[in-house]
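Here's the structure we're looking at; comments come further down.
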């Protein structure tokens, strides 16, 4: 519990600090001021209850009408305070969500944690469904702290804190009203409990809270599991949408439906456990909800029947007792809400801890930047996530201006070699000296960002920073002019071959000193490959190019071929090299 409270405070601090914190503090001050005013209105409503019912008991019509007017005024004031507080809460919730989302997104992207924690690396710290934690948990957490936007039922931690402040006033009022004692005989002994209404309130709530926790203590873990299963199910549906073409051509609907159905079955299994626990928990809490505002009247009834208080005093006493009990019953009323808060906090804390450890390497690879213009690899050993050795390179050097073709059998680890050179593969040992300058690594699968064709062509640069004429010239040079002529500036829907041609444009615009490309032209025919690679060399005559490919690259002159083979590091063999003029 202590750790959970500490983690909650950590995220509250993150949400309430940073840029715009003064506005957030102002909104919070307005919310607190409104809630303090509501406490005073509530106390006045308790007094109104006594005045109104006393007027009815005396059959004083004028006084009763006056009290109806007082009631209308109190209602208007209460409604105004509620609406102002609700408006400020919604603004503050969004600002807190923005701050939390930015913090988590920075941690997820700034140091490439999104890659190092990817399930494909089988990292012990992998994060399940990070999109859910950034999109949903950062939205839910402020609501848990500040309170529900609909104003019904789910009151937040801030509401509870403010109600504790009001509790002092409610207890003092109850103390003033409970001037009588409860007298009864037990086993022949006369018992008298002075001001018994004051003592019954905490005893009643304490026993009820203990029973509520006993029945619902399994909910936080179940709700956390439910959220994870929900996210897994949603991801399977998104995967079906994103890969619609490949699935349709493969007639894979049945196989993917089976996966989706299995994930839904997993969700349904957790959901059944949740509703079973909610049913057990509700066997006590539901009757409590329905009776808690009536119990005070029943408990004060002996004093009324004994003539110690009037009808107005009875209603006033019941209202004061009800406010005390309602405040103390916050955990009972909001147990599932608190369970959601605990589950959300655990997920957010797990995300933070995982990103803290994301860069902890599993190997001893040392990557340094040379003062010269040469790539130098020594004693490089690359392993798979399961520990298997994929590739050993005792020594390999590439000089500035060279064009090198790395070839080898499928599954050898050639693509993983590029990730290791880029510092993205933690399971590696050895020494890599990288050349100085602008290095670009081009993956086998071309990334297509959201946006226009021009945005995709200059990615990750800003399209406004590149002359549109240059972009259009290069797009036409690689055969994508037809899309421009048709007025189609949408990056989506490109074939694999078109994506690879677009990636060549992206390289030319970036103008790197070194290019490391993985199967950059695998989907192109020989003539098209020759054309786009000749364009690349023409536009970047001084750029060093290291290509991974299964076939000899076309359109490039003076290519040195390095054949990579699986071998043990201790054999000390050099990679097999060849030259093609």
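Every number in this text was worked out from the coordinates using simple rules, so none of it is lab data. Since the model is a prediction, treat every value here as computed from it, not as a measurement. Virtual Cβ from ideal backbone geometry, glycine too; neighbours counted across all protein chains shown.
Here are some notes:
- The range 373-449: C-alpha gyration tensor shape, a/c 1.5 cut-off, then a/b vs b/c: oblate
- Label assignment, Kirkwood radius over Cα pairs in Å derived from the structure, set [x] 25.7; [y] 30.0; [z] 32.7: [y]
- Percent antiparallel among DSSP beta bridges (both partners in the chain, rounded to 5): 55 percent
- In terms of its C-alpha gyration tensor, the range 464-548 has an oblate overall shape, because the principal axis ratio a/c (a ≥ b ≥ c, square roots of the eigenvalues) is not below 1.5 and a/b does not outweigh b/c.
- Only helices enter the 222 nm calculation for the chain: every DSSP H run of n ≥ 4 contributes -39,500 (n - 2.57), and dividing by all residues gives -19500 deg cm²/dmol, rounded to 500.
- Residue order, fewest to most surrounding Cβ atoms within 10 angstrom, among 13, 514: 13, 514
- Cα-based shape type of the range 366-580, given that a ≥ b ≥ c are square roots of the gyration tensor eigenvalues and the cut on a/c is 1.5: prolate
- Residue 476-residue 21 FRET efficiency (beta carbon distance; Förster radius 41 Å; 0.05 resolution): 0.25
- Residue separation of residue 6 and residue 259 scaled by 0.36 nm, minus their Cα-Cα distance, works out to 87.2 nm of gained length.
- Packing-based exposure ordering (other Cβ within 10 Å, fewest first) of 505, 12: 12, 505
- Calculated FRET efficiency, residue 66 to residue 273, Cβ-Cβ distance, R0 = 41 Å: about 0.15 to the nearest 0.05.
- Multiplying the residue separation of residue 32 and residue 424 by 0.36 nm and removing their Cα-Cα distance gives an extension gain of 136.3 nm.
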